[in-house]
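To start, the structure itself, in structure tokens.
The values are calculated or read from the model by the stated rules, or taken from the named source; none is laboratory data. Small disclaimer: the values here were computed from a predicted structure and weren't measured. FYI the Cβ positions are ideal-geometry reconstructions off the backbone, even for glycines, and counts take in every protein chain you see.
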Amino acid sequence: MSTPSRRHFAGTACALVLAAIAAAPLSAAVAAEPPQRPERLSLFGADLAEAGVAKFQESARAAGARSQGRSGATERFAVQELNMPAIKSLTVTYVGDRVMAAQYEVDRSHEELRKMLVSKYGRPEGSGRSDFLAQYVSDGTYTWRFQSHMQLVMKIPFIGQATLTYVNSSLLAAVESEVKSRADRDAAEKAKTKTHVF
């Protein structure tokens, strides 16, 4: 009787491995797949890069957010009826007819909210020193990026208020540049009138 060759054993082993892979359930592989991040960032169903102020306010009301009044460029909303974990209040900043930023104040206990964010948007870029999905996450800034210069940013400070901010980074940069230019002009004008004291 002939002795099986090494090639025979190798072929049998390979066939067994392939059979095991074929028989394995697909659920584990599917569960390991990260969620497909939306290309656009929206809040209350409104595309934040495109929606005007009136459209955003209408969408917020329809979702259950209640305006507590507007002061200049800022509007505050009560959000208890949204039944979102860890969310306390919402402050929205407008520039002209655009939404520049919408910022939630977040409770210190926000594990469930973080899991919901990862489920919808995938894992963020993060400066924190621990796993974003851990029960207790370290202080840091965690960012998701979208089309049209939109970002979703969760800031978890060591001391102070945690926040979740939907922000148009391009619009914010333009406003910050304008504020700086105005401050520089004011400083220059003041310097002209105070040359005798410094």
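Considering the range 104-120, and only residues there that are of a type outside the set (A, V, I, L, M) and either surrounded by 18 or more Cβ atoms within 10 Å (Cβ to Cβ) or over 18 Å from MET84 (Cβ atoms) (or both), the residue that is farthest from the chain's Cα centre (by Cα) turns out to be HIS110. The set of residues in the range 73-105 that are of a type in the set (A, V, I, L, M, F, W, C), farther than 20 Å from ALA54 by Cα and part of a strand (DSSP E or B) contains only ILE87.
For the range 121-159, a tally of residues being touching a residue at least 40 places away in the same chain (Cβ under 8 Å) and assigned to a loop (DSSP other than H, G, I, E, B) returns 6. With the condition kept exactly as written, say whether any residue in the range 177-191 is within 20 Å of VAL53 (Cβ to Cβ) and either modelled with pLDDT under 85 or outside any strand (DSSP E or B) (or both). Looking through the range 177-191, at least one residue is within 20 Å of VAL53 (Cβ to Cβ) and either modelled with pLDDT under 85 or outside any strand (DSSP E or B) (or both).
Note on the range 40-57: residues that are among the charged types (D, E, K, R) and surrounded by 15 or more Cβ atoms within 10 Å (Cβ to Cβ) total 2.
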